[in-house]
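Note sheet for the following structure.
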């Protein structure tokens, strides 16, 4: 992949060519603000876990298949916090981008396939896998935290 330098918003950054160039500065700004870990739903869920007194977890722990967002290593419980847009939530069914539709269709499909492989690897290693969606956490993070706590103590 060839790096492409782009001048945008008076700042220069290097693109690696994996995604198409955005059509507007606004789209570029929004997309570059996305993060892979310590997202707002993750932080909210961790706050809720602390609030109910559930401690002892590790975040993004290396060495665990799929590197779960939250892992209770001793109990072998892995928690994934899936963003509705990126992982294609079955509950809120987010719309897909209209530009570069082929790219996004393929990207979302790869995300779904990768998620399934991560969960399969964990289960094959004796882990209980819990997946929560961004919209679930926004609706009631304490209820989600209680579900995790019950799974740990089963």
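Please treat every number below as a calculation from the coordinates, not as lab data. All figures in this text were calculated on a predicted structure; none of them were measured in a lab. Cβ coordinates were reconstructed from backbone atoms using ideal geometry, including for glycine residues, and neighbour counts include every protein chain displayed.
Listing 79, 129, 144, 73 from the residue with the fewest other Cβ atoms within 10 Å to the one with the most, what is the order?
Details: 79 26, 129 19, 144 23, 73 15.
Placing the least packed residue first, the sequence is 73, 129, 144, 79.
Summarised as an ellipsoid, region 35-153 has semi-axes of 25, 17, 11 Å, derived from the eigenvalues of the Cα gyration tensor scaled by 5 and square-rooted, with the largest first.
Listing 87, 60 from the residue with the fewest other Cβ atoms within 10 Å to the one with the most, what is the order?
60, 87
Taking each residue as 0.36 nm, the span from residue 120 to residue 143 lengthens on full extension beyond its C-alpha to C-alpha distance by 5.7 nm.
Counting neighbouring beta carbons within 10 Å and listing from fewest to most, the residues 86, 133 come out as 86, 133.
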